[in-house]
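Remarks on the structure that follows.
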Amino acid sequence: MIYPEIRVPIPDMGGYTRRRGSVVYSYVYIGDRQTTTDGGTTHPKSKCIGRIELDQDNKPELMPNSFYYQLMGLSQPEVAVAEGVGRKPWKPKQTQAETREKYEETAVGYGLAIMLLAAELELTSVLKESFGEELGKKILTIAAFLCERSHSSFDGLAKFVGSNLIGTNLDVKLDRRAAGQVLVELTPEKRGKFYDSWISKHPCGLEVFYDVTSFSTYSGQIIRAHYGYNRDHDDLPQINQGLFCNRETGLPLFMCAYDGSVNDKTNFNYALKRAREHGLGIGHAKRKICIVTDGGFSARNVDWSHFLGYDIIIGVSCDYLKDVREAYVNWSSQLTEADRAHTWSFGESCYISNSIPFKLGNVDGELMMYRDLFLEYDKRRQLTRIKNEKKKELDETETAPKTQFEKWAKRFEPYFKVVKSAGRKGFTYEEDLEGFASLCNLCGKVTLFVSRKYHKLTEQQCLEVYRSKESVEDCFDTSKNGLSDKRLHIQGDRQVEGKLFAMFVALILRRAFHSRIKDYIKKNGLSDETAIRELENITFYKGADEWRLKDALSKTQREILQQLNLKLRNDAEVNLAMFKQRVRKGRKSKLTDPALFSSLTDVLTGTI
């Protein structure tokens, strides 16, 4: 659909033009390059974004189509004439009230559950305190929409509000265009006030996880989107996001977004300082909290954490830190069969371990060294397979290359030593026993640095804390796959910050929802998405002057509601007046059919 009444600048996003008769169309690349069988590459997929026209000064402009607005994350025009024979004029979507009147049946189950959950988390009150009542309701509505399933844009938001939130007090007109305006209103000051209140109501435990992810974008209008290390291996500009997560509850505590070209270790100090300013771990009653993170950070980050008063458990890499590598190889090479007999199990693996005093940066601590025996076995098999493949290649080589012999011979290190000779093949080789042994000494390695001032934990307890950081990785997986499609379909830096904040609020709801039903869905082979679909299947119909439960609840629906353990609350965004059972006028002794209030009470208490 092309809008002939509208002209916009041609975006500089990489693409080409194509002429069809007297008309020129503009195309942009939207996919990744593909590698062919002969080693070459093909152009990525492309999509038409509109028609190129000349203005009064003969300068090219774009007559956009529907895909242009979808790509840019913009709302389509409310009034526009669609070009084409026999096509009807484009009409704006129905308002929330019109949508609500249209639906005679509504999926109240999910909307009520998520509003009650938000009230129990005090998320509803925090949003009102930080953004005001009206804006807080809009943010909660958007978060409930994003929490429902993976939405790349705000398409379908008005329909969602009219069908899923009819039993709540969220009486706000909210469609795709209005949602974009909401994102702009989420200023840094208001977001900071939210973090202050949220962290104060949900103080962190003794350990806090920190990790980083990135969101790619096709939009060329985001100033902070730059090329950098992309975790999804997309050749696209990106925005980085750092996230602090509570180990005890699994709930996210603080989020910060930054330039896509800035690496993790460079931004860590700023992220930690900002989180501390909002109250992360300040005034903890028992002892200093501990920041737990992986091996993508440096000694400077450890120094900064110590300076701000945090302890730290950090994964350190033998590949980049020479002192750590030497310490691990020295311990690993001296292991005896008696040492291997003293093993302990954790999860599905079996470990042997040791710890030594160690100094990382200016911080004294312990270097805890582990060998995963199961992983060691797999790595040794892999190294042996590679060694055999390289030996076969050497045996089948008829003559060594006459030029760049050293570069060719280096390919076989440290498995074999290849020496140039005057023989028929032009080279001889022998096994590099010492080099191969050095590789084997690093098989199954895990190395952690632990602050000495941190509570004295055993090697097994420290590894357990470190491995449990999978909760923050689950948060990122939920953000990228459960709340979006790994893309930011939005434009403008202010809208980007607002969209990431709305996703942060949705992530709080989704993680709280998951923590309550995780045992049930694991036992029954379900997922969070399946549980949400089950709640959406709890439908109500409009009978006479009130809403009533349409069908009896299934066994799965009852069990999910029982696992959520929700209660009706006055402070929730739930329209309790709508659930009250009414008495017919003039016939007070006879009541109407069971109203939604009694049905809902039975549902939440698990009596039906």
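A few points about this structure:
- Each Lys and Arg adds +1 at its Cβ and each Asp and Glu adds -1 at its Cβ; summed about the Cα centre, the stretch 381-426 shows a dipole of about 140 debye.
- In the stretch 214-268, the portion of solvent-accessible area held by carbon and sulfur atoms comes to 48 percent [1.4 Å probe, whole percent, DNA, RNA and ligands not counted].
- Per-residue HN-Hα couplings for the stretch 436-443 [Karplus 6.51, -1.76, 1.60; θ = phi - 60°; Hz; x = Gly/Pro]: 5, 5, 5, 5, 5, 5, 9, 5
- Stretchable slack from E133 to Y320, in nm (0.36 nm times residue separation minus alpha-carbon distance): 62.2 nm
- Taking the square roots of 5 times each eigenvalue of the Cα gyration tensor of the stretch 127-199, largest first, gives ellipsoid semi-axes of 21, 13, 11 Å.
- Equivalent ellipsoid semi-axes - Cα gyration tensor, the stretch 338-378, angstrom: 25, 11, 8
- Of the GluC sites (Glu not before Pro) in the stretch 391-433, those whose Cβ has at most 12 other Cβ within 10 Å and which sit in DSSP loop: E398
- Between N58 and L439, the C-beta separation translates, for a Förster distance of 56 Å, into a calculated FRET efficiency of about 0.25.
- For the stretch 308-444, with +1 on Lys and Arg beta carbons and -1 on Asp and Glu, the positive-most of V329, M369, S345 along the dipole: V329
- Surface/4 of the Cα convex hull for the stretch 190-303, nm²: 7.9
- Amide H contacts of V574 (H built 1.01 Å from N, under 5 Å, at least 5 apart or other chain): N169
- Each residue of the stretch 318-331 was assigned a 3J(HN,Hα) from its phi angle through the Karplus expression (A = 6.51, B = -1.76, C = 1.60, θ = phi - 60°), giving 6, 6, 10, 10, 5, 5, 5, 5, 4, 5, 5, 5, 4, 6 Hz with x at Gly and Pro.
- Order by protection proxy (mean Cβ within 10 Å, highest first), peptides 314-324, 59-69: 59-69, 314-324
- Relative packing of peptides 174-180, 50-56 - highest average C-beta neighbours within 10 Å first: 174-180, 50-56
- Normalising by residue count, the stretch 318-397 has a Cα convex hull of 135 Å³ per residue.
- In Å, descending, principal axis extents of the Cα set of the stretch 399-450: 55, 19, 11
- Charged-residue dipole, Cβ positions (Lys, Arg, Asp, Glu), the stretch 134-186 about Cα centre, Debye nearest 20: 80
- Pairs of Cα atoms in the stretch 161-256 fall into 5 Å distance bins, from 0 up to the last occupied one, in shares of 2, 10, 13, 14, 16, 18, 17, 8, 2, 0 percent.
- Distance from the stretch 181-219 to the stretch 393-411 (C-alpha centre basis), Å: 55
- In terms of distances greater than 22 angstrom between alpha carbons, the cross-link table entries K392/K425; K522/K550; K417/K445; K445/K469; K193/K499 yield K522/K550; K417/K445.
- Residues T336 and L373, FRET efficiency given R0 of 22 Å [Cβ-Cβ distance, rounded to 0.05]: 0.95
The values are calculated or read from the model by the stated rules, or taken from the named source; none is laboratory data. If you're wondering where the values come from, they're calculated on a predicted model, not measured in any experiment. Heads up, the Cβs are rebuilt from the backbone with ideal geometry, glycines too, and the neighbour counts pull from every protein chain shown. Side chains are part of the model used for accessible areas, which takes the heavy atoms of the whole protein and leaves out ligands, DNA and RNA. Shrake-Rupley method; radii C 1.70, N 1.55, O 1.52, S 1.80 Å.
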